[in-house]
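Here the structure comes first, spelled out in structure tokens, and everything after it is commentary.
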Amino acid sequence: MSRCTAILAAMSASPATVSVELVLLVAAHNEEAALPALHPRLLAVADSLGPGVRLLYVDDGSRDGTWAMLEGFQRASPQRVGALKLSRNFGKELALTAGLDHVPPGAGVVILDADGQDPPELVPAMMARWRAGAEVVFGRRTERQGEPWLKRATAAAFYRVINALSDTPIPRDTGDFRLLGPRAVDALRGLRERQRFMKGLFAWVGFRAEAFDYERAPRLAGDSKFNYWRLWNLALEGITGFSTVPLRAATYVGLASALLAFVGGLWVIARTLLWGDPVAGWPSLMVAVSFLGGLQLMALGIIGEYLGRLYLEA
């Protein structure tokens, strides 16, 4: 921990007259193949924007040479580059949260992927919109080069599903590539839940947001760390974190089942009275089971409604 603190302190060891205006935040996990191509581009953008722009890397528990590479970047540009090493792999959402916690007060932040798919050359245009009044500027992907059709199709379907279920509108076809103003950064710092879906949190905090379209480039090198299983789990985090529809569905299913059970019980009683039943005790057993089953499902639905309200309040 002390080692990481020293490296972060070096990032702020700049002349007192130069304040940090913007931080380019990159979370990396086993990206030693892509970072050598991405880092010079980030430095070039930072140099073009002036001395108030910094780079902050978060090593999310990498097992390759990523951390050693980040240390080298910091030694080569101690006034420009900072690095933070997590004790293990916590996942991208928490790695970004750790990075946001270390952004200097009053500074904005641009979040970029370590694989180079988010072009850092677009940052000046994002800053122009920020200075014009937008508190959040997010990239909307018009094309996703280098990704299989199944990943593109499932991503498009996910954004449409979550927007249908959630009360928080989440922009479609967007990733983490965005600029957040100081007020948005402060608002995100106040959200401390561990199970995080950052794209939803970015939308939930509000503020004036503007979108810009761009073509997402293929990875600079290496392979994606998000397989379909991890993407599926992230989708579940998003749906359960920003929608109580799954809980409310239990209410509707319970009510429908109770009504069907009640109607079925009346039918069993009527059939037994009119035509009799060769199996002794079966009608009364079915009526009791159907009635009690319907009551239980209705009770689960009611519990689900209150649980959803508790979740939203917490």
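Some notes on this structure:
- Residues that are in contact with a helix residue (DSSP H, G or I) (Cβ under 8 Å, 6 or more places away or on another chain) and open to solvent by 40 Å² or more (accessible area, probe 1.4 Å) within the range 30-43 comprise N30, E32, P36, R41, listed in sequence order.
- Subset of the range 61-79 [surrounded by 17 or more Cβ atoms within 10 Å (Cβ to Cβ) and in contact (Cβ under 8 Å) with a residue 40 or more places away in the chain]: L70, E71, Q74
- Among (1) open to solvent by 50 Å² or more (accessible area, probe 1.4 Å); (2) assigned to a loop (DSSP other than H, G, I, E, B); (3) within 25 Å of A34 (Cβ to Cβ); (4) modelled with pLDDT of 70 or more, the one test that R140 misses: (2)
- Pair list, Cβ under 8 Å, 6 or more apart: the range 170-185 residue open to solvent by less than 30 Å² (accessible area, probe 1.4 Å), other residue among the β-branched types (V, I, T) and part of a helix (DSSP H, G or I): I170/I162; L179/V123
- Against the numbered list (1) open to solvent by 100 Å² or more (accessible area, probe 1.4 Å); (2) modelled with pLDDT under 75, L300 comes up short only at (2).
- Some residue of the range 69-83 being in contact with a His (Cβ under 6 Å, 6 or more places away or on another chain) and within 24 Å of A184 (Cβ to Cβ): no
- A search for C-beta distances below 6 Å between a residue of the range 24-45 that is over 23 Å from E93 (Cβ atoms) and any residue that is of a type outside the set (F, W, Y) and at pLDDT 85 or above, counting only pairs 6+ apart in sequence or on different chains, returns R41/P120; V45/P120; V45/V123.
- Residue among R88, R54 that alone is surrounded by fewer than 23 Cβ atoms within 10 Å (Cβ to Cβ) and either part of a strand (DSSP E or B) or at pLDDT 85 or above (or both): R88
- Verdict on G82 being in contact with a helix residue (DSSP H, G or I) (Cβ under 7 Å, 6 or more places away or on another chain), open to solvent by less than 10 Å² (accessible area, probe 1.4 Å), within 27 Å of S19 (Cβ to Cβ) and not aliphatic (A, V, I, L, M): yes
- Being in a strand (DSSP E or B) and within 23 Å of the chain's Cα centre (by Cα) is a description that applies to V109.
The values are calculated or read from the model by the stated rules, or taken from the named source; none is laboratory data. Treat the numbers as computed from the prediction; the structure is a model and nothing was measured. With ideal geometry, Cβ positions are generated from the backbone for all residues, glycine too; neighbour counts draw on all protein chains shown. Accessible surface areas use protein heavy atoms only, side chains included; no ligands, DNA or RNA. Shrake-Rupley method; radii C 1.70, N 1.55, O 1.52, S 1.80 Å.
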